[in-house]
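J.: To start, I am sharing the structure in question, which I have written as structure tokens.
The values are calculated or read from the model by the stated rules, or taken from the named source; none is laboratory data. Keep in mind the model is a prediction, meaning the values are calculated, not measured. No Cβ is skipped: glycine too gets one built from the backbone with ideal geometry, and neighbour counts run over all protein chains shown.
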Amino acid sequence: MKKIPILVTLMVIALSGVAMAQTTTDVTWNGSGYHSIHFQSGDDATSDFWTAGGTINGEYHAVDHDDNPYGYNVDTTDVKVKAHVNDGYIEYKFTRDDAHTSMYGSAGQESYTLIDSFGDADFAWHSWSNFAQLRSSNYGWQANNQMHATGSHRIYHHFIINDDEGAGIEIDVDGETDLTIMSEDHGGSGFKFGKGCGCYTNAHVDITGSGVFDLHANADNEITTDWGITTDGYLNVHSEFGSGFHFGNFALSGN
């Protein structure tokens, strides 16, 4: 079947208001070229997705629930995406724009991923926000290998809490990477990376080939890892390798 080039930009704005029903957006694509989506969930959350390449296909599902739980004037927003690209990139951002600040602190948390590959790349992610938190839970959506790439590729994933706190992974490899981050969770003054959301911890990476791996985290008070490190400063795990790299459980928490 001949592939049909895609050049699509979709913008969806969900207006706030108690009387409105939820806004649901479902998009699929299959072809080549460039595709982007901007989903605005009132003033509560924003989701952006971009991809381009020789072959691109995927699905995107977003819901502004317009539910205003507890009368806090912040709706629940839910976004799920799965995407594949060959010789191109996938980029995703979900930002929590509003919060019930008197009880849960400021908004501004962000989940961000960029996969850039001269080969094949796959991405699956599920983000959710409300008046209290931003969380990404892939339980029930895709439990393993949410980020995968072959060939010469880069994978950047950052979970940003504020200007001073958060965690992320950066990979620059010629080979193949399978990166699993089952979940990440923010609430109040604390965050979890690779665990949380009421599901089992599943946070590991397997790389064949040569390249560089970096895990980094910042927290105002303390960072605690599942592999026995506690620090009140900046945490960085850096590896340069020639034939492969494995990290069995990189989950951590900060506050």
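J.: Quick one: which residue in F159, F247 is surrounded by 15 or more Cβ atoms within 10 Å (Cβ to Cβ) and farther than 23 Å from E110 by Cβ?
T.: F247
J.: Report the residue count in the stretch 34-76 for those that are of a type in the set (A, V, I, L, M) and under 16 Å from S111 (Cβ atoms).
T.: Of the residues in the stretch 34-76, 3 are of a type in the set (A, V, I, L, M) and under 16 Å from S111 (Cβ atoms).
J.: If you go through the stretch 126-137 one residue at a time, do you hit one that is more than 16 Å from the chain's Cα centre (by Cα) and farther than 23 Å from H65 by Cα?
T.: Scanning the stretch 126-137, I find no residue that is more than 16 Å from the chain's Cα centre (by Cα) and farther than 23 Å from H65 by Cα, so the answer is no.
J.: Further question on the same structure: If I ask for residues that are under 19 Å from the mean Cα position of the chain (by Cα) and crowded, with 17+ Cβ neighbours inside 10 Å, which ones from the stretch 26-47 would you list?
T.: V27, H35, I37, F39, Q40, S41, D44, A45, T46, S47, listed by residue number.
J.: Of all residues in the stretch 39-60, how many are within 16 Å of W128 (Cα to Cα) and not small (G, A, S)?
T.: Residues that pass the stated criteria total 8.
J.: Let me confirm something: among D174, D178, D116, D185, which residue is at pLDDT 95 or above, under 22 Å from F39 (Cα atoms) and over 10 Å from the mean Cα position of the chain (by Cα)?
T.: D185 is the lone residue from the list that is at pLDDT 95 or above, under 22 Å from F39 (Cα atoms) and over 10 Å from the mean Cα position of the chain (by Cα).
J.: Taking the stretch 203-255 as the search range and keeping residues that are of a type in the set (A, V, I, L, M, F, W, C) and part of a loop (DSSP other than H, G, I, E, B), which one is farthest from N162 (Cα to Cα)?
T.: Only one residue fits best here, namely W227.
J.: For A217, state whether it is crowded, with 18+ Cβ neighbours inside 10 Å and touching a helix residue (DSSP H, G or I) at 6+ places or on another chain (Cβ under 6 Å).
T.: Judged against the criteria, A217 is not a match.
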